[in-house]
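Worksheet: one structure, shown below.
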Amino acid sequence: MTGNVITDFFNYFIVNGGYIFELFFNHLLMSIYGVIFASAVGIPIGILIARFSKLSGLIITLTNIIQTIPVIAMLAIMMLVMGLGNTTVVVTVFFYALLPIIKNTYTGISNVDSNIKDAGKSMGMTRNQVLTMIELPLALSVIIGGLRIALVVAIGVVAVGSFIGATTLSDIIIRGTNASEGTVFILAGAVPIAIIAVLVDIGLRLLERRLDPTRRKKAESETNPHVQTIN
């Protein structure tokens, strides 16, 4: 250690780059796995409550209750059932990722213009065809927004996972809190976590905007300004 925090920070990365990358990869992978599993459950539930709106209040309330439980408490509960390790963290991420995925799927499907759905039905589309060919494509940007929120939340949840034996970037932070001069270690763990969150947020936000049908329509009209609608 040279005594200069910035210099020591970069020196630590140079010397321990492989170890940090391994933790970085594990941290990201656990976040993604948890959100994938939550998507497999949450998106169908969101579609279901969009069709049967009476269920929406109950389902969304239940998922809201999960959000009120502190992460460390949820990890402790899961640890009692599943033991220590990465799997317990992935399951915990699954529960915390459900709310934004279910809520955005429900909102996206519910907000599809009923006139467009009626037009599809008048063309002979079945209910499932209306869902797959009209509702989901138009709601996709909103659903992606839910995945973005879920993944950012997941990154924070995984960071706490080191307390139950998961291999995350918080391993370095914990080492720093136990050291007399641990600022460099804390930064070496915190900065990559922040980088993951920022990259995920920016990447999925761009995808969300690209898939937004209103933005696409506006972009098409700007690229083809001479195209006019004939009444």
Rg followed by Dmax, in Å, when the range 118-215 is reduced to its Cα trace
20.9, 72
Picking from ILE32, PRO137, VAL81, whose Cα lies most toward the positive end of the charge dipole for the chain (charges on Cβ: Lys, Arg +1; Asp, Glu -1)?
PRO137
Could you tell me which of ILE164, ALA188, VAL112 has its Cα farthest along the dipole of the range 69-214 towards the positive end, charges placed at Cβ (Lys, Arg +1; Asp, Glu -1), taken about the Cα centre?
VAL112
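How big is D, in µm² s⁻¹, for the range 53-105 by Stokes-Einstein at 10 °C and 1.306 mPa s if Rh is the Kirkwood radius over C-alpha pairs?
Details: Rh = 11.9 Å.
Using the Kirkwood radius from Cα pairs, D works out to 134 µm²/s.
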The simple spin-label model distance between VAL5 and PHE21, using points 7 Å out along Cα→Cβ, in nm, is 2.8 nm
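For the chain, count all C-alpha to C-alpha pairs, find those more than 27 Å apart, and express that count as a whole percent of the total.
Working: 12670 of 26565 pairs.
So the pairs more than 27 Å apart make up 48 percent of the total in the chain.
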The alpha-carbon center of the range 71-98 and that of the range 31-45 are separated, in whole Å, by 15 Å
Using a 1.4 angstrom probe with every protein chain in place, what is the largest-first accessible-area order of SER56, SER122?
SER122, SER56
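Percent of accessible area on the chain owned by carbon and sulfur, 1.4 Å probe?
Numbers: 8600 of 13140 Å².
Answer for the chain is 65 percent, counting heavy atoms of protein chains only.
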The range 1-84, Cα convex hull volume normalised per residue, Å³:
170 Å³
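The values are calculated or read from the model by the stated rules, or taken from the named source; none is laboratory data. If you're wondering where the values come from, they're calculated on a predicted model, not measured in any experiment. Reconstructed Cβ throughout: ideal geometry from the backbone, glycine too, with neighbour counts over all protein chains shown. Remember, those area values only see protein heavy atoms, side chains included, never the ligands or the DNA or RNA. Shrake-Rupley method; radii C 1.70, N 1.55, O 1.52, S 1.80 Å.
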